[in-house]
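The values are calculated or read from the model by the stated rules, or taken from the named source; none is laboratory data. On a predicted model such as this, the values are computed, not experimentally measured, just so you know. With ideal geometry, Cβ positions are generated from the backbone for all residues, glycine too; neighbour counts draw on all protein chains shown. SASA here: full protein model, heavy atoms, side chains in, ligands and nucleic acids out. Shrake-Rupley method; radii C 1.70, N 1.55, O 1.52, S 1.80 Å.
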Amino acid sequence: MKNTEKKLKAKHFRYLCKDIVKNPMIYIRDFYRYETDIICWMNNIQLFVNAATVPEMGNRNFAENGYHCKEMIKQIEVAYVIFHQCQLPIQKKPLNFFSTKEDYHNYVFKLEYTTHGHIDPSDTISKFFSYQSLQKWYDTMDDIMHYLTVSDYRNYEYFGDQIMAIRELLMRLAFALYYIYKDEGISLNVPCYVKAINDEPHQSTKEKTILRQMMEESIDKKYAKKEAQKSSNDIEDSQGLGTSEIPVSENSNLETIN
């Protein structure tokens, strides 16, 4: 079964703008290049879901729950655009994560999400929206945010065992988008006689606006300067460890200046 709804527009989403609906790579590239790395993001997702399930595990003094919730919803929306535009199928068993023994080993020993031994973000996105619709994911995220903000801690069983699947799917989706970022796109299985035709040119092939180019160059220079300073400090620290001070005593032959 394929997803065959009408053409998507920004008004169908909470947070996506027109440009991202046309080309989800704009968001994916900016988020994973400038906002965070995949391990930090995975940890944030785990803490966010854990705190909603067991409020005592939450820390309202440090965790940026509102920001994290908004970014997770953005990622769900971006994934839905891909799901819709690529006409990904609905799966009957969306929680069947290990098709082969190799998939299990990749998950346990390498922290890689694979399908039949290969990294396949399209399969993850397909599973994500086979589990529940975009609207139900909106409802789920709203419920999680609600239980992070209310002071009533009595309802621990609201999500039940379902919370385990929700957390796993959110983390797998984060990795799927990260894989798309690293590969600069998504690969799909098609018959050998099919040729791809781009409806819209990829953003990286377009001429960038002067403002956007200046912003990216500024950010790149900032990170390069930060890394150079870090390397310089490391070199100074290592040189300092190899240098010892010469103790001064009464019998020292060194001249002293009064």
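Note on segment 150-196: among residues that are among the acidic types (Asp, Glu) and over 21 Å from Ile73 (Cα atoms), the one that is modelled with the lowest pLDDT is Asp152. Would a scan of segment 114-125 turn up a residue that is touching a Pro at 6+ places or on another chain (Cβ under 8 Å) and either in a loop (DSSP other than H, G, I, E, B) or touching a residue at least 40 places away in the same chain (Cβ under 8 Å) (or both)? Checking segment 114-125: not a single residue is touching a Pro at 6+ places or on another chain (Cβ under 8 Å) and either in a loop (DSSP other than H, G, I, E, B) or touching a residue at least 40 places away in the same chain (Cβ under 8 Å) (or both). Figure legend. Inter-residue proximity from segment 86-99: first residues closer than 28 Å to Ala196 by Cβ and without any contact (Cβ under 8 Å) to a residue 24 or more places away in the chain, second residues open to solvent by 70 Å² or more (accessible area, probe 1.4 Å) and of a type outside the set (S, T, N, Q), beta-carbon distance below 6 Å, spacing 6+ or different chains. Indicated pairs: Ser99/His116. All conditions in (1) among the small types (Gly, Ala, Ser); (2) outside any helix (DSSP H, G or I); (3) touching a residue at least 60 places away in the same chain (Cβ under 8 Å) hold for Ala52, with the sole exception of (2).
Yes or no, residue by residue, for (1) more than 20 Å from Cys40 (Cα to Cα); (2) over 21 Å from the mean Cα position of the chain (by Cα):
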{"site": "Tyr67", "(1), (2)": "no, no"}
{"site": "Ile90", "(1), (2)": "yes, yes"}
{"site": "Glu102", "(1), (2)": "yes, yes"}
{"site": "Thr114", "(1), (2)": "yes, no"}
{"site": "Ile125", "(1), (2)": "yes, no"}
{"site": "Tyr147", "(1), (2)": "yes, yes"}
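Within segment 16-39, can one find any residue that is loosely packed, with under 14 Cβ neighbours inside 10 Å and within 21 Å of Leu111 (Cα to Cα)? Yes: segment 16-39 contains one or more residues that are loosely packed, with under 14 Cβ neighbours inside 10 Å and within 21 Å of Leu111 (Cα to Cα).
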